[in-house]
Amino acid sequence: MQMEIANQMQAEEALRDRERELSLLVDMVPSHLWRLTPEGEPTFFNRRMTDFLGLDVPDTDKPGMSRLDVLISTVLHPQDAVEFGETLRNSLATGVPFSLKYRLRRTDGLYRWMSSRAEPLRDHTGRIVQWYGLCHDIDDLVTAQEALHDRERELSLLVDMVPSNLWRLTPQGETTLVNKRMADFLGMDLDDTQQLAVVFDTIFHPDDAGEVEAVLGSCLRTGERFSMKYRLRRSDGVYRWMSGRAEPLRDEDGNIVQWFGLCHDIDDQMHAEDALRRAYDKLAQATQAASLAELSASIAHEVNQPLAAIVANSHACYRWLSATPPNVERAKITAERITRDANSAADVVSRVRALFRRTPHARSPEDVNRLTSEVCQLMVDEAAAKNVRIRTELAPDLPSVALDRVQIQQVLVNLIRNGVEAIEAADDSQHVLQILSCFDGPDAVRIEVRDDGTGFKDAERVFEPFFTTKPHGMGMGLAICRSIIESHGGRLWMANNEMRGATVAFKLPLAASETP
Ligand code: ADP
């Protein structure tokens, strides 16, 4: 009997230990635990919950109100109270587990987001005897998520506002996103991702589509960055030139997960370059025409042939007339030949003059710096192709000079080209061509083209027509330049630089003067 009592006490002690342990556990759980009657009346809050709320179950006793209503009206955020009440009452009525996110007021008055669940406990007949609830603080998570959403919204706004077209591709090349600007350009619905895949097959200019497909395909295979110019069809059907680029985004193992592309409209720029190229061609034509005019002077030697014939025929004529008897008939024929040859000599002269007249002397006041810059711009590609950079140092506030634009442009083109070729031919050049403008005394401006090329090897002969040291040179450039500058009342000269290379310079008087 004593043994039995001892055993029972031991068992009760063990039970109490277990109960203490359980109650400790319930209080230590880092979440809120609560218990409700089947009608929804709170009967227990764990320590953590009472600490958080600053109230315990007995504090919810108020005359004329259920505990649940007191709880709802005191600790739930006013905006969540109704939903909380309805959802919980629905669970109580139907037995469906309760699950909801809501804001709960902490004892310091601050509301924090909670994620809560409650499940019913049933007896063996299936009747609900209790509800047990668990609720944990997700406020930090919600705040972080909100910040993330804000950032996402901000980023997506940024993507849409970027003044360029943006797009995203899968590693297989399927378009999955375009920004608003691009959607507007293509005239499509931003959210219609199905349309995206279809549209991208039809937006490239038919002449470019094949190449784009080939280049992009190869980039997608190799992971190399994509960069290309192509025409895209705008919503109004007009094709515009774009400069497109795309880069792969890789995961930490180096696998491509996305491609991001950017393309911007370079249509206006392409047209400007076209216009520049046309202007350049025109200039080249003008240069050629001027060379021809100059060359035509050399064909004046044709004049020598009829002159020689005239001299020979005059002698013959003299002999026929001096013969005894004079042979008048033969003399007449010879005199006719003289007339014919004299006419053909005159023809040659007028042909040459006509050629010269083709260069009009249209003088207008021009900004020499602007003219120089324009020519430099025209020549920049040609120079770059030979790895030469053109650097200008133009004196500000130079007055305008009355000149023939095309001719002076032609001079500059010639000098720049010569400089670039001299640099190209030298071994130790810095590959920079300098162009300076400045006053030359009070009433003239000077332009200098300075290179660090080979320098002049035979300086005295460079103005001789057809003198050239280049395999395909014509040897007329400097002679033409000098005659153009002199026809403007100016002077052109050149000198080897002290260290390396040469400088060719010309000056133009400010007062318009013209020599025929
Ligand atoms: P081309 O360029 O057709 O040879 P040019 O009359 O312009 O005809 O030039 C004649 C020659 O003068 C060139 O062949 C070259 O030997 C020399 N020359 C011209 N400019 C330079 C320069 N900047 N540096 C060195 N030599 C030059």
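FYI, it's all coordinate maths here, none of it is from the lab. Small disclaimer: the values here were computed from a predicted structure and weren't measured. With ideal geometry, Cβ positions are generated from the backbone for all residues, glycine too; neighbour counts draw on all protein chains shown.
Report the GluC sites (Glu not before Pro) located in segment 155-261 that are in a DSSP loop and have at most 15 other Cβ atoms inside 10 Å of their Cβ, or state none. Of the GluC sites (Glu not before Pro), the ones in loops of segment 155-261 whose Cβ has at most 15 other Cβ atoms within 10 Å are Glu174, Glu224, Glu252.
About its Cα centre, the chain has a charge dipole of approximately 2860 debye under the convention of +1 per Lys or Arg Cβ and -1 per Asp or Glu Cβ, with nothing else charged. Of the residues Ser156, Tyr111, Ser31, the one whose Cα sits farthest toward the positive end of the charge dipole of the chain, with +1 on the Cβ of Lys and Arg and -1 on the Cβ of Asp and Glu, is Ser156. With the charge dipole of the chain set up from +1 on Lys and Arg Cβ and -1 on Asp and Glu Cβ about the Cα centre, the Cα lying farthest toward the positive end among the listed residues Met242, Thr334, Ala345 is that of Thr334.
First select every other residue whose beta carbon is under 14 angstrom from the beta carbon of Leu76; then total the charges, Lys and Arg +1, Asp and Glu -1. Result for the neighbourhood of Leu76: +3.
In units of the rule-of-thumb radius 2.2 N^0.38 Å, segment 447-516 shows an alpha carbon radius of gyration of 1.19. May I ask for the net charge around Arg500, where only other residues with Cβ less than 13 Å from the Cβ of Arg500 are counted and Lys, Arg are +1 while Asp, Glu are -1? So the surrounding residues net to -4. Counting only the Cα atoms, segment 49-181 fills a convex hull of 200 Å³ per residue. Loop-located trypsin sites (Lys or Arg not before Pro) in segment 391-481 (DSSP state not H, G, I, E or B) with no more than 14 neighbouring Cβ atoms inside 10 Å: Lys457.
As an exercise, identify the trypsin sites (Lys or Arg not before Pro) in segment 114-197 lying in DSSP coil whose Cβ has no more than 14 other Cβ atoms within 10 Å. Answer in residue order: Arg127. With distances taken between every two different alpha-carbon atoms, segment 1-116 has a Kirkwood hydrodynamic radius of 16.3 Å.
As an exercise, use a Förster radius of 56 Å and the Cβ-Cβ distance of Leu55 and Val159 to find the FRET efficiency, rounded to the nearest 0.05. The formula returns an efficiency of 0.70 here. Each of Tyr280, Tyr230 has some number of other Cβ atoms within 10 Å of its Cβ, and from fewest to most they run Tyr280, Tyr230. Once the C-beta distance of Arg340 and Phe467 is scaled by a Förster radius of 30 Å, the resulting FRET efficiency is 0.25 to the nearest 0.05. Please work out the FRET efficiency for the pair His149 and Glu4, using the Cβ-Cβ distance as r and a Förster radius of 60 Å; give the result to the nearest 0.05. Calculated transfer efficiency: 0.35. With neighbours defined as other Cβ atoms within 10 Å of a residue's Cβ, the residues Arg35, Arg250 order from fewest to most as Arg250, Arg35. Using equal-weight Cα scatterers in the Debye expression, the normalised intensity of segment 151-195 in log10 at q = 0.16, 0.27 Å⁻¹ is -0.42, -1.03. With a cut-off of 12 Å between beta carbons, the residues surrounding Asp208 carry a summed charge of +1, where Lys and Arg count +1 and Asp and Glu -1.
When the chain is described by a simple charge dipole with +1 on each Lys and Arg Cβ and -1 on each Asp and Glu Cβ, the residue from Ile128, Tyr280, Asn179 located farthest towards its positive end is Tyr280. If you bin all the Cα-Cα distances of the chain at 20 Å, starting from zero, the percentages per bin are 14, 21, 23, 14, 13, 8, 4, 2, 0, 0.
With the simple spin-label model, which puts each label point 7 Å out from Cα in the Cβ direction, the Glu273 to Ala395 separation comes to 3.6 nm.
Averaging the inverse of every distinct alpha carbon separation and then flipping it gives the Kirkwood radius. What is it for segment 88-130, in angstrom units?
12.1
In the chain, helices alone account for a calculated mean residue ellipticity at 222 nm of -16000 deg cm²/dmol, with every DSSP H run of four or more residues adding -39,500 (n - 2.57). Modelled spin labels at Asp192 and Asp69, positioned 7 Å past Cα toward Cβ, are 5.5 nm from each other. Relative to the longest principal axis of the Cα atoms of the chain, helix 139-161 runs at roughly 20 degrees. Counting only alpha carbon atoms, the long axis of helix 368-385 and the longest principal axis of the chain meet at about 70°.
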